[in-house]
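Notes to accompany the following structure.
Bear in mind these aren't lab numbers, they're just calculated from the coordinates by the rules spelled out. Everything numeric here is computed off the predicted structure, so don't read it as measured data. Note that we place each Cβ from the backbone using ideal geometry, even for glycine, and neighbour counts take in every protein chain shown.
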Amino acid sequence: MLHFELSLAIEVFGSDLTHIVDPWYDFALCGPGPVRVGRFRLEPDRGLGHLRHADTVIVPGWADVDRDPPAELVDAVRAAHEAGARVASLCTGAFVLAAAGLLDGRRATTHWAHTGELTRRHPRVTVDPDVLYVDGGSVLTSAGKAAAMDLCLHLVRLDHGSAVANTVARRLVVPPHRDGGQAQFVTTPVPAPGNHPLARLLPWALLRLDRALTVEDLAREAGMSSRHLARHFRSVTGTTPLQWLHTQRIRHAQELLETTDDTVDTIATATGMGTATTLRRHFARTVGVPPDAYRRTFRTRARPAPAPRG
């Protein structure tokens, strides 16, 4: 077991965040008995049999990927999924899911250094080394380290909406969402603030989502040709300028649906979609449900805390 990925799951799901949204997750650390994680000794809250009663099972990184995970762990994870649990792996935890047969015929990912080994040992799994995480519905997998946090926040977003997930991200001082825009929620990186060619342009564009920005507008603001802009976008965010803009508009629409009483027409204008019809079409295609259904689901759940001052 890798302690970094385990600590991420505990920090996100095991902390008392009822001041953000109530109820929060009822978290339990499950295992066959005390284990050593690095230099630390962990005492589980419950045995592996408790996984059958879980709604979500998080499998942290598996340290010894050269050996098969214990049969009792594999059986418990498989039984939890068969009982209806959503199962997610962080980093090399994908080896446990693969051993349980949960990844057969599915697209999955793990830490880039171990994608070859996962492919070799589990040929029925379609291993994608180039994404941060893959959401297959009831089975989710993430790449290593920071991508594990991305998947944890993605689960919060699915359960409680974007506003709550963003509030949790601010609390943890991490980027709120690394975008992709795929309906299956396969994501590609978007950078944290820092020294990269688009560091000034991306915040500038986020403040102007209500405008009909074009690639030429972005290139002009960045002081580069459209071709160079596209190259930098692909390198820094993993996607095209227009796809990145589209994803930001959808995410902004999600937050407005969760946190305001604005009409769909008003939100369409605020996000640069123009009309309610256009917003509804793109929103349903990207998120999977129409804006009104999304609002009914998350408006009653989201109670984001105010942004910290200073």
> For the chain, what is the relative contact order in percent, using Cα pairs closer than 8 Å and at least 6 residues apart in sequence?
Replying inline: 14
> Helix 71-82 versus the longest principal axis of the chain: what angle, 0 to 90°, nearest 10, using Cα atoms?
Replying inline: 50
> For region 194-307, what is the charge dipole size about the Cα centre, in debye to the nearest 20, if Lys and Arg each add +1 at the Cβ and Asp and Glu each add -1 at the Cβ?
Replying inline: 360
>> If I model a spin label as a point 7 Å beyond the Cα along the Cα-Cβ vector, how far apart are those points for residue 121 and residue 275 in nm?
In response: 5.5
>> Please list, in order along region 154-167, the HN-Hα scalar couplings obtained from phi with the Karplus expression 6.51 cos²θ - 1.76 cosθ + 1.60 (θ = phi - 60°), rounded to whole Hz, x for Gly and Pro.
In response: 5, 5, 4, 5, 5, 7, 10, x, 5, 4, 5, 4, 5, 5
> In percent, what relative contact order does region 201-298 have, based on Cα pairs under 8 Å that are 6 or more apart in sequence?
Replying inline: 24
> Shape of region 3-160 from its Cα gyration tensor (a ≥ b ≥ c, root eigenvalues): rounded if a/c is under 1.5, otherwise prolate when a/b > b/c, or oblate?
Replying inline: rounded
> Once the other residues with Cβ under 15 Å from the Cβ of residue 210 are scored (Lys, Arg +1; Asp, Glu -1), what is the net sum?
Replying inline: 0
> By counting other Cβ atoms within 10 Å of each Cβ, how are 96, 35 ranked from fewest to most?
Replying inline: 35, 96
>> Among 218, 256, 126, whose Cα projects farthest towards the positive end of the dipole of the chain, with charges put on the beta-carbon of Lys, Arg (+1) and Asp, Glu (-1)?
In response: 218
> In whole Hz, what ³J(HN,Hα) sequence does region 104-112 give by Karplus (6.51, -1.76, 1.60; θ = phi - 60°), x for Gly and Pro?
Replying inline: 4, x, 10, 8, 8, 9, 7, 3, 4
> Hey, with R₀ at 22 Å, roughly what FRET efficiency would residue 26 and residue 170 work out to, going by the Cβ-Cβ distance, to 0.05?
Replying inline: 0.40
> With charges set only on the Cβ (+1 for Lys and Arg, -1 for Asp and Glu), what does the dipole of the chain come to about its Cα centre, in debye to the nearest 20?
Replying inline: 660
>> Treating only the Cβ of Lys, Arg, Asp and Glu as charged (+1, +1, -1, -1), what charge dipole size does region 1-145 show about its Cα centre? Round to the nearest 20 debye.
In response: 380
> What fraction of the DSSP beta bridges in region 3-160 is antiparallel, stated in percent and rounded to the nearest 5?
Replying inline: 40
